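Here is the structure we will look at.
The values are calculated or read from the model by the stated rules, or taken from the named source; none is laboratory data. Nothing here was measured: the structure is a model prediction, and the numbers come from that model. We place every Cβ from the backbone using ideal geometry, glycine too, and count neighbours over all the protein chains shown.
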Amino acid sequence: MPKQKKATVKVVKKAIKKTVKVSKKAARKPKQASPQKPSRASAPKIAKKPAAANPVIPIKLEPSLGRPLVTQEEKLYMLFHDDYQSRQVFEFLRVDTIKDLEEFTPQQIVHLMSRPIRLTVDRIRQRLAQFKRSLKDDEQYATEFRQAKDNQPN
């Protein structure tokens with residue numbers, strides 16, 4: 001008898017499983033063909049392009065000079081021993097090592113180096129204006145300088 005009970009229990013379980021599967025299928029809504037779409041046979045075939053799974057985003061890397069060939073502590077005199085004018089610039093800027101020099105931008109160096117020249121040219125213009133003379137195309141500066149000096153109290 002116990003064998004029959006086991007067999008009937010198995011049959012009942014199978015029947016329950018089948019009814020559950022059928023009821024799940026019935027719960028799904030069947031797909032309805034839309035009246036706007038033409039039948040597949042008459043529709044033109046369009047080749048789909050494969051979509052990129054993950055779009056590649058270009059990464060902008062800073063340009064690299066690679067591994068430095070000299071250290072920051074390298075003396076500028078050793079690197080520029082044959083360039084006298086460069087050594088004069090380093091002396092003017094009061095830098096001795098590459099690390100010190102790297103603190104300046106090219107524009108800063110030009111501005112600092114040209115300052116004494118600009119001041120000297122201004123002194124020349126003033127001195128010429130005192131004697132009622134001027135550089136080429138610089139008469140306006142001379143007249144303005146003379147007027148400003150004449151208006152100042154002694």
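Numbers for the structure displayed
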{"item": "Qualifying helices (runs of 4 or more DSSP H) (wholly inside region 45-154; at least 2 residues being among the β-branched types (Val, Ile, Thr))", "result": "106-130"}
{"item": "Test: residue in region 130-141 that is modelled with pLDDT under 95, surrounded by 10 or more Cβ atoms within 10 Å (Cβ to Cβ) and in contact with an Asp or Glu (Cβ under 9 Å, 6 or more places away or on another chain)", "result": "no"}
